[in-house]
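The values are calculated or read from the model by the stated rules, or taken from the named source; none is laboratory data. Computed from a prediction, not measured in an experiment: that's the story for all the values here. As a convention, Cβ positions derive from the backbone with ideal geometry for all residues, glycine included, and neighbour counts pool all protein chains shown. Just the protein is used for accessible areas: all its heavy atoms, side chains included, with ligands, DNA and RNA removed. Shrake-Rupley method; radii C 1.70, N 1.55, O 1.52, S 1.80 Å.
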Amino acid sequence: MPIVEIPVGPQHPALKEPIRFIFQLDGEIVVGAEPRLGYAHRGIEKLAEHRTYVQALYLSERICGICSVAHTTCYVETAERVFNVEAPPRAKYIRVIVSELNRIHSHLLWLGILAHEVGFDTLFMYTWRDREMVLDLLEMITGNRVLYAINMIGGVRHDITPEMADKARKVMDYLEERTKYYKRVAEEDPVFNNRLAEVGILSPSDARRLCAVGPTIRGSGVKTDIRRDDPYSAYDEVPFNVITYDEGDALAKTLVRIDEILESINMIRYALDHMPGGEISVRVPMRPPPGEAVGRVEAPRGELFYYIKSDGTMRPYRFKVRTPTLANIPALCRMLEGIFVADIPVVVASIDPCIACMDRVLLIDKSRGKKWVWTKEELRRYSLKWYEEHGRR
Amino acid sequence: MSVIKEVLRNIISRPVTLKYPQERKELPERFRGRITIDYDNCIGCGLCARVCPALAITMVNPPGKKDIRSRRPLVHLYKCIFCGQCALVCPRKVISFTHEYELASYDKEGSVVAPPFVKKGNKGGRELSKG
Ligand code: SF4
Ligand code: SF4
């Protein structure tokens with residue numbers, strides 16, 4: 001059979017970022033995937049050079065809506081190195097708590113999206129309902145559901161009061177029970193098993209070679225986590241386990257994330273109990289000394305990297321961001337090789353990309369000269385129908 | 001199969017969604033809604049306008065006055081990203097956030113927080129469209 005190419009994208013307004021893939025198909029099997037990035041270029045790095053350090057903080061928060069606190073944490077940790085200041089210990093604990101709450105909300109959101117991709121919309125509704133509890137908690141602590149504006153250079157803006165801590169503990173108890181239930185569902189439910197097990201396998205050697213990050217590489221059994229390898233904030237004081245699964249398939253990545261929610265719950269409990277007292281912020285000057293710094297943070301999707309160069313003025317001279325999704329794209333292309341067309345949505349979703357969804361798919365069947373356009377929704381429906389007809393391979 | 005049990009339980013339980021706008025969620029105390037400025041105590045230093053990341057604040061002069069001292073901040077709510085930085089830097093702590101979150105309006109007057117001397121009914125006025 002001749003190789004057929006399907007371009008997927010680049011317009012995907014339903015999820016965050018547009019990306020384009022060209023899939024080479026041999027019948028139903030994907031034999032190659034070629035990404036084309038850059039459609040969502042917003043010029044944020046250049047814009048930051050025209051903003052003061054304080055203004056650029058809010059800009060960095062808006063790079064990603066879901067892991068916004070990972071971005072600000074990375075920004076303030078890097079900027080604090082440039083400014084030569086250190087946040088007070090209590091502020092560091094608050095950063096850990098907010099970051100972990102953010103991780104729980106991001107992973108629950110992702111679990112819902114994955115459930116939606118495999119046609120398990122019941123679970124999608126339940127996870128998003130539970131995620132709402134985390135968002136309420138974050139709103140109570142920071143004043144907003146999504147863009148928290150809690151980090152600032154030299155500390156955090158809001159304290160966590162004892163009443164808030166009590167409320168958070170209650171929500172953590174509820175979420176722990178729910179997450180354990182989701183884990184049971186992921187392990188036992190035939191829908192998840194049929195669609196996720198042995199799909200989109202990434203071998204440990206490939207994961208290392210292609211520099212995958214976050215749950216994507218941990219799902220392949222490689223123990224790496226910036227929170228452990230290069231601790232920031234108070235992560236060197238809060239105990240936690242780095243979760244790994246050896247299978248490397250989409251199911252392993254799902255279980256990694258579910259277990260990470262459980263770890264995060266324990267970390268939040270520990271941090272709430274062991275928070276030191278004292279100030280939550282220190283004063284920082286308007287201008288940093290000339291210099292440069294890099295910072296790394298474990299965002300929900302993996303390692304996030306910032307670089308800030310200062311020339312002694314009020315504005316950063318250079319500002320550079322590398323987000324985890326970019327690091328995972330080569331690994332994703334490797335995972336896409338050898339899978340069925342019907343598995344594309346699941347495998348792409350399994351890296352939790354900020355570019356998860358394919359909203360428009362243009363199909364060109366070269367042998368017949370036929371052309372048609374698929375939306376992401378149609379691709380999803382096609383994949384569900386295909387599995388209904390073919391069942392388990 | 002455990003999902004079936006869960007589904008059955010949810011059929012008889014109350015929905016988690018609220019019937020907005022008849023029912024409303026209780027907002028936490030730190031919620032950042034529409035900005036209010038206590039203009040009587042504002043000293044017109046202009047720090048809030050300088051620090052705003054969205055450039056949502058312009059300093060406007062009362063009619064007939066040109067000096068820097070008498071300028072007062074005017075907030076364009078459609079530009080504001082509700083980050084709260086202005087309230088943080090204000091030396092007099094006169095900026096605060098209300099719990100009002102339905103900010104859509106039909107005219108420019110409703111979309112700004114303006115000092116009392118900016119004339120009402122001044123829909124396309126210079127002060128309102130500046131910035
Ligand atoms: S809340 Fe932020 S964006 Fe809005 S006026 Fe204040 S500083 Fe500007
Ligand atoms: S920072 Fe405060 S006192 Fe200064 S102009 Fe703004 S509102 Fe007035």
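Of all residue pairs spaced 6 or more apart or on separate chains, those with beta-carbon atoms under 8 Å, a first member in the range B:43-65 that is open to solvent by 70 Å² or more (accessible area, probe 1.4 Å) and a second member that is of a type in the set (Gly, Ala, Ser) are B:LEU55/B:GLY131.
Within the range A:227-250, being more than 17 Å from A:THR216 (Cβ to Cβ) and open to solvent by less than 50 Å² (accessible area, probe 1.4 Å) holds for A:TYR232, A:SER233, A:ALA234, A:TYR235, A:VAL238, A:PHE240. Considering only residues in the range B:89-116 that are in contact with a helix residue (DSSP H, G or I) (Cβ under 9 Å, 6 or more places away or on another chain), within 22 Å of A:GLY65 (Cβ to Cβ) and not small (Gly, Ala, Ser), the one that is nearest to ligand 1 (Cβ to nearest atom) turns out to be B:PHE97.
Considering only residues of the range A:69-100 that are of a type in the set (S, T, N, Q) and crowded, with 21+ Cβ neighbours inside 10 Å, which is nearest to the other protein chains (Cβ to nearest Cβ)? Only one residue fits best here, namely A:THR72. Sub-7 Å Cβ pairs linking a first residue in the range A:118-146 that is within 22 Å of A:TYR182 (Cβ to Cβ) and within 7 Å of chain B (Cβ to nearest Cβ) to a second residue that is open to solvent by 20 Å² or more (accessible area, probe 1.4 Å) and not in a loop (DSSP other than H, G, I, E, B), at least 6 apart or interchain, are A:THR122/B:VAL7, ordered by first then second residue. At least 2 residues being within 14 Å of chain A (Cβ to nearest Cβ) is the threshold, and among the strands (runs of 3 or more DSSP E) wholly inside the range B:5-99 those reaching it are B:95-97. Among the residues making up the range B:26-53, those that are of a type outside the set (Val, Ile, Thr), closer than 28 Å to A:ARG315 by Cα and within 8 Å of ligand 2 (Cβ to nearest atom) are B:CYS42, B:GLY44, B:CYS45, B:GLY46, B:LEU47, B:CYS48, B:ALA49.
Taken as a whole, the structure places A:GLY65 among residues that are open to solvent by 10 Å² or more (accessible area, probe 1.4 Å), of a type in the set (Gly, Ala, Ser), within 14 Å of chain B (Cβ to nearest Cβ) and closer than 30 Å to A:LEU137 by Cβ. When A:GLY312 is tested against (1) open to solvent by 10 Å² or more (accessible area, probe 1.4 Å); (2) touching a residue at least 60 places away in the same chain (Cβ under 8 Å); (3) not basic (Lys, Arg), only condition (2) is not met.
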